[in-house]
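Asks: Below are the structure tokens for one structure; questions will follow.
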Amino acid sequence: MTPQKRSYPWTSDVGGHPITFRLMTPADKEVFRDFVRSVPEEDNFFLLLDVRQDRSLDHWMRGVETGRTISVIALENGKMVGYGNLHTSELNWTRHVGEVRLQVARSHRGRGLGKVLAQEVFGIARSRGLQKIMARMASSQTGARQVFASLGFQPEALLADFVIDAQGRTQDLVIMSHDVTGFVN
């Protein structure tokens, strides 16, 4: 079965709010910067880039421009309230795997927005021929672990004391994965 490609932008009621979904472009650097810098620092602490630095945002946008990163952004009244990213690798031995990252504004959590963003990323992963997607998170990110588990992700690895938080305390890194070919919207 060939996955149906989504046409962007599209709008849907999510938790009682009209949310517009579209693909991020390099021109979205400012709206993305405003969003990631508006969330509490601890929500960005475990990202792979320090989004407080403009050069890191430039790096992120280069990934979007080259297609290594595909981001679906969620907007309410023109303001970004969440995103779902699919990061892919150019390495031959992991070309079938993507990594998903989600972030939703605290004001919009618990409304189903993360699930909609995840479903969009899954659809994109399937359309790109990926077979598995993975997510990484600190063990303290229980909400994120619950969201991914509700989507069918299974724990694959626990790396003890692999990350360190802003207070200098080590935490375990949890890696979860999902078979994209078996995901049903």
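The values are calculated or read from the model by the stated rules, or taken from the named source; none is laboratory data. Quick caveat, the model's predicted, so the values are computed rather than measured. Note that each Cβ is placed from the backbone with ideal geometry, even for glycine, and that neighbours are counted across all protein chains shown.
Asks: How do the pairs read when you match residues in the range 74-101 that are of a type in the set (Lys, Arg) with residues anywhere that are in a strand (DSSP E or B), using Cβ under 6 Å and keeping only pairs 6 or more apart or on different chains?
Replies: Once the first residue is of a type in the set (Lys, Arg) and sits in the range 74-101, its partners that are in a strand (DSSP E or B) give 101/85.
Asks: Now, a different point. Could you tell me which numbered condition residue 52 fails, if it satisfies all but one of (1) in a loop (DSSP other than H, G, I, E, B); (2) at pLDDT 90 or above; (3) charged (D, E, K, R)?
Replies: Going through the list (1) in a loop (DSSP other than H, G, I, E, B); (2) at pLDDT 90 or above; (3) charged (D, E, K, R), residue 52 breaks only (2).
Asks: Would you confirm whether or not the range 26-43 contains a residue that is hydrophobic (A, V, I, L, M, F, W, C), assigned to a loop (DSSP other than H, G, I, E, B) and either at negative phi or in contact with a helix residue (DSSP H, G or I) (Cβ under 8 Å, 6 or more places away or on another chain) (or both)?
Replies: yes
Asks: For residue 39, all conditions in the list (1) β-branched (Val, Ile, Thr); (2) more than 13 Å from the chain's Cα centre (by Cα); (3) modelled with pLDDT of 90 or more hold save one; what is the number of the exception?
Replies: So the condition that residue 39 fails would be (3).
Asks: Determine whether residue 9 is over 25 Å from residue 146 (Cα atoms) and without any contact (Cβ under 8 Å) to a residue 24 or more places away in the chain.
Replies: yes
Asks: Hey, any hits in the range 136-149 for a residue that's over 15 Å from residue 69 (Cα atoms), among the hydrophobic types (A, V, I, L, M, F, W, C), surrounded by fewer than 19 Cβ atoms within 10 Å (Cβ to Cβ) and out of contact with any Cys (no Cβ under 9 Å at 6 or more places or on another chain)?
Replies: Among the residues of the range 136-149, at least one is over 15 Å from residue 69 (Cα atoms), among the hydrophobic types (A, V, I, L, M, F, W, C), surrounded by fewer than 19 Cβ atoms within 10 Å (Cβ to Cβ) and out of contact with any Cys (no Cβ under 9 Å at 6 or more places or on another chain), which makes the answer yes.
Asks: Suppose we filter 75, 173, 159 for residues that are closer than 24 Å to residue 13 by Cα, of a type in the set (A, V, I, L, M, F, W, C), touching a strand residue (DSSP E or B) at 6+ places or on another chain (Cβ under 6 Å) and part of a strand (DSSP E or B); which single one remains?
Replies: 75
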